[in-house]
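One structure below.
No lab work stands behind these numbers, since they all come straight from the coordinates. Here the structure is a predicted model, which is why all the values come from computation and not from measurement. Note: ideal-geometry Cβ built from the backbone for every residue, glycine included; neighbour counts use all protein chains shown.
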Amino acid sequence: MNITATEAADALSAISTALNDVEILDGIGIGTFSRIVGELRGGRNNVTWGYEVDRGLPIKFVPASDAKNNPIVPSIVAETVSIDQADDQKVPFTALCVAIEFEHTYDENLPTPRWHLDLANKKRDGTWQPGPLTHIQFGGHGHQNRELDCFLKVPRWCHPPMEVGLLCEVVAANFFEEQWKELRETPSWNDAICRLQKLCFGRYFEKLQSSMNQSSYSALHSMWAQNWGA
C-alpha cells in the first residue's frame, strides 16, 4: 500500500493533535510537527517523500520519570526519513535514521540513552554495513559531549523500520501510559497509526514470512543487509 506525501502529512497531523490534546507534547514538538506536515503537504500525491528532525528542534515531550522516579525528557529526532515506494519488493526507505533520546534533566553528565532505528549503509565498494537491513540499536550520545557516548554500537537487532509517528506511540505507551490508553480509543489516532504501520511494516513482514517458508537460511540471514539489500 503506497502512502502519498499528503496522506503522510494527514497522519502526522492527527498524531500531533492527539498528543497535544492529552497534554504530553511540548511546544517545541508541536512546532516541529507543524513544519513537517507543511513540507509534506507540498509534495501532494507524490509517493516519494521525506523529512528531517534536527536535534536542536526535536519532537519533544513533556517531562516523564525513569524507574527511580528521576525526571527525564523524551524526544524524537530524525537525521533522515526518505521514502520511495516504486519497488514493491524492497523496503520503502532509501534512507532512515530516527532515534528516541532521553535528556537527564537532573544530571547533564550522564550519557544520553538513545535508541535509533536505521537502514544499513551501503559502502562505496558495493558492500553493506554488517547487520540486518533494517535494525534497531542502542547508542548513548551526549550531544556536544562525545566522551559520554556509549562504547558499543552493536548488536544491531533485526527490527521493522519505523518513522516518527510510530516512535511517538512507543514514547506515549511507555512513559505516558494513562494518556496512551485514552489515545488508543480514538479513531483518528488509530487510523493514523495504522496507516503508517502499513507503510513501515508491510514489506518487512512479507520478507519475514517468505523466509519462514523455506529452511535453507534463517530469517536473520535472509534479512541481513548484504542479502536483502542486493
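Brief remarks on what is shown
- 15 Å Cα-Cα reach of Lys153 towards aspartates and glutamates, excluding residues that sit fewer than 8 places from it in its own chain: Asp118
- The label-point distance for Gln209 and Cys194, in a model that sets each label 7 Å from Cα toward Cβ, rounds to 1.7 nm.
- The trypsin sites (Lys or Arg not before Pro) of segment 99-136 that DSSP puts in a loop, and whose beta carbon has at most 11 other beta carbons within 10 Å, are Lys123, Arg124.
- Cα shape, segment 60-119, gyration tensor, a/c 1.5 rule: prolate
- Once each of the chymotrypsin sites (Phe, Trp or Tyr not before Pro) sitting in a DSSP loop with at most 12 other beta-carbon atoms within 10 Å is removed, the chain keeps 1-105 as its longest stretch.
- Look at where the Cα atoms of segment 159-183 and of segment 39-112 average out, and the two centres are 12 Å apart.
- R0 of 25 Å, Cβ-Cβ distance Ala67-Val154: FRET efficiency to nearest 0.05: 0.50
- The trypsin sites (Lys or Arg not before Pro) of segment 3-101 that meet both conditions, a loop assignment by DSSP and at most 13 other Cβ atoms within 10 Å of the site Cβ, are Arg44, Arg55, Lys68.
- Exposure here means at most 15 other Cβ atoms within 10 Å; with GluC sites (Glu not before Pro) in a DSSP loop as sites, the longest stretch of the chain lacking them is 24-107.
- All lysines inside 25 Å of Lys181 as judged from Cα atoms, apart from same-chain residues fewer than 8 positions distant: Lys60, Lys68, Lys198
- The chain: C-alpha gyration tensor shape, a/c 1.5 cut-off, then a/b vs b/c: oblate
- Spin-label pair Phe138-Ala95: with each label point 7 Å from Cα along the Cα-Cβ axis, the two points sit 2.9 nm from one another.
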